[in-house]
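The values are calculated or read from the model by the stated rules, or taken from the named source; none is laboratory data. On a predicted model such as this, the values are computed, not experimentally measured, just so you know. Glycine gets a Cβ as well: all are built from the backbone with ideal geometry, and neighbour counts include every protein chain shown.
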Amino acid sequence: MHTILVILGGFALLALCLRLSRTFGGAGRTQRAKAVLVFIPLWLAGAAINLWVGVSGAGYSVAEEFPIFLLIFAIPTAVALVLWRTWSRS
């Protein structure tokens, strides 16, 4: 259940980045594409923090937690990259 909540948190962060791009940059496709590129390193940091919490706080080993990290990072990032590819085309 925790994994699903963290993935949903990734989608919430993506939505926040897109909302901020609309608020501060306008509603254009270019601004949305840039927002997606801002989201990816932010989400990498968020997923890495989740990995660290799992290893240091919950007592999992890195080998146990790393596949979950990949899953948590990959799903929202894949959606973001599809959006980026769609919006970055002229």
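Things to note:
- Test: residue 21 is in a helix (DSSP H, G or I) and surrounded by fewer than 15 Cβ atoms within 10 Å (Cβ to Cβ): no
- For first residues located in the stretch 13-31 and touching a residue at least 60 places away in the same chain (Cβ under 8 Å), partners that are exposed (fewer than 12 other Cβ atoms within 10 Å of the Cβ) and part of a helix (DSSP H, G or I) and lie 6+ apart or on another chain with Cβ distances below 9 Å do not occur.
- Pairs with Cβ under 7 Å, 6+ apart, first in the stretch 50-69 and free of Cβ contacts under 8 Å to residues at least 12 places away in the same chain, second surrounded by 10 or more Cβ atoms within 10 Å (Cβ to Cβ) and among the small types (Gly, Ala, Ser): 60/54
- Residue match in the stretch 35-49 (condition: over 18 Å from the mean Cα position of the chain (by Cα) and in a helix (DSSP H, G or I)): no
- One residue alone among 76, 41 is buried (at least 17 other Cβ atoms within 10 Å of the Cβ) and modelled with pLDDT of 95 or more, and that residue is 76.
- Qualifying residue in the stretch 57-74 (condition: among the aliphatic types (A, V, I, L, M), part of a helix (DSSP H, G or I) and in contact with a Lys or Arg (Cβ under 9 Å, 6 or more places away or on another chain)): no
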